[in-house]
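The values are calculated or read from the model by the stated rules, or taken from the named source; none is laboratory data. In this text the structure is predicted, and so the values were computed from the model without any measurement. Every residue, glycine as well, gets a Cβ built from its backbone with ideal geometry; the counts of neighbours run over all protein chains shown. When the accessible area is computed, the model is the full protein with side chains, heavy atoms only, and any ligands, DNA or RNA have been set aside. Shrake-Rupley method; radii C 1.70, N 1.55, O 1.52, S 1.80 Å.
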Amino acid sequence: MKHPEKKIARSIDMPGRCQEFTDMVYSGKNPDPEQFWKDINAVQNKFNPPPVEYTLLCGEMHGHTNISDAYEYVDIDEYFRTIRDKAKFDFGVLTDHDHGGVGKAELWDDGKWQKIQAKIQEYYEPGKFTTLLAYERDSYPYFNNLVIYYRNGNGEMFRGIRDGELTRDELIALLKKDDILVVPHDSYCLSAGCDFSTLPPELFPSLIELYSCSDCAEYFDHPLHKDSWVRGASWQDALKRGAKMGVIGGSDDHVGTPGLDHMDEPYPFCYRGVTGVWAKENTREAIFDALKARRCFAYMGNERMSLDFRINGHCMGETFTVKPDEEKHIWINFEAPEEIERVTLVKNCQDHVILYGSGSQMIFDYRQETPCDCYYVRAVTAKGRYCWSSPIWVNAGV
């Protein structure tokens, strides 16, 4: 792509328009057509980046037991064994409610929190299966519910001036902590009434639970969402305000099937949310650090998906700056065990490029539309299973 007028005529490009490719196409008759096509494809593949330097790990980020409000038969042992042995995930997180279940002792009473921490340690096998300490906290008037994740396997619960509620200062204090993550859940429902269009930027969390069970927060009135909706409460509403917000998925399971599909239920209820992370290793610290860096994505259903999304070598979740007139090399590699219907590159909350039936592509983007362009990937398979990357933010250099 060395043509001097390329940026006048077009906003995007692909490896198939490079000079070497064009010269090969116009090289005349070739005696070995099969090898010739291999050589042509090799020219295009020269632009692909090296394999990602991290390991893909998949897991359950949100679920409940009889410690709080799940069915009485759902105990902690069954919960973690299901994630590890039936769902076959690499990590699992238990997020029981801080109220401990209506009419029952709160999570900080009856030794519940101590029991959870002991079980977290019991099921932790570094390199094989990782458990994170977490719980779900009522947080009125902010976001309805927050899931709080700890970097370590132990820690104190965060109680404020009033249980079930949260003040601005309390939320800011939580967001500033390096060893915890604060992730809103169901912020887009009527019960939450969240409004990202007016929320002060200092109150934006770094992650949102984008999908759990038929409640997708991507944009207003998303077809996967089957609950109430509030305008201004979607992930895109936050991104439009400049939020540096990545995504995770979780099942919000209450019935003892964390990470498992429910194919006896109608679509999309049959598919629960899952989180994929690109981590250095399968340990508590490495997974937490990957989440903290927003090097993570959300998808629907138990069968694994893989999404490698990079721009100029920067992974999902990162922010970087391009020099004036510097091209953005956008790499998308989406893999699923079933047929891929489409993969969409979303730029500044607008569908920018759609790839039908293909999950791998290098795209060269020549246009900087705003001082900070926001990109993410949305993919969907023939089964209707979606996958969303955390964004990459590209600042315009001066």
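Things to note:
- Only one residue of His262, Trp235, Ala293 has its Cα farthest out toward the positive end of the dipole of segment 232-297, where Lys and Arg carry +1 and Asp and Glu -1 on Cβ, and that residue is Ala293.
- Gaussian network model of the chain, Cα within-10 Å springs - most flexible of Pro268, Pro184, Pro337: Pro337
- Vicinal HN-Hα couplings computed from phi for segment 38-48 (Karplus, 6.51 cos²θ - 1.76 cosθ + 1.60; Hz; Gly/Pro x): 4, 5, 5, 5, 5, 4, 5, 5, 4, 7, 5
- Cut-off under 5 Å, modelled amide H: who pairs with Ile12 long-range: Tyr366
- Mean projected area (nm²) of the alpha-carbon convex hull when segment 107-260 is viewed from all directions: 9.9 nm²
- Largest-first ellipsoid semi-axes for the chain, taking √(5λ) over the Cα gyration tensor eigenvalues, angstrom: 41, 23, 18
- Heavy-atom accessible surface of segment 26-114: percent carbon and sulfur, 1.4 Å: 50 percent
- Per residue, segment 85-240 exposes 41 Å² of accessible surface when a 1.4 Å probe is rolled over the protein heavy atoms with every protein chain present.
- Based on DSSP H segments of at least four residues, each scored -39500 (n - 2.57), the chain has a per-residue ellipticity at 222 nm of -4500 deg cm²/dmol.
- Most mobile of Leu190, Leu132, Leu207 in a GNM of the chain (Cα contacts under 10 Å): Leu190
- Gaussian network model of the chain, Cα within-10 Å springs - most flexible of Asp365, Asp186, Asp252: Asp365
- If you model segment 20-81 as an ellipsoid using its alpha carbon gyration tensor, with each semi-axis the square root of five times an eigenvalue, the axes come out at 58, 12, 9 Å, biggest first.
- Segment 61-177 - Debye-derived log10 I(q)/I(0), Cα point model, q = 0.13, 0.15, 0.18 Å⁻¹: -0.50, -0.66, -0.93
- Local net charge near Ser206, Cβ-Cβ under 9 Å (Lys/Arg +1, Asp/Glu -1): +3
- Those lysines that a straight Cα-Cα span of less than 26 Å connects to Lys328, excepting residues fewer than 8 apart in one chain: Lys2, Lys6, Lys7, Lys46, Lys240, Lys244, Lys280, Lys292, Lys347
- Computed packing ranks the peptides 341-351, 27-37 as 341-351, 27-37, most packed first, by mean other Cβ atoms within 10 Å.
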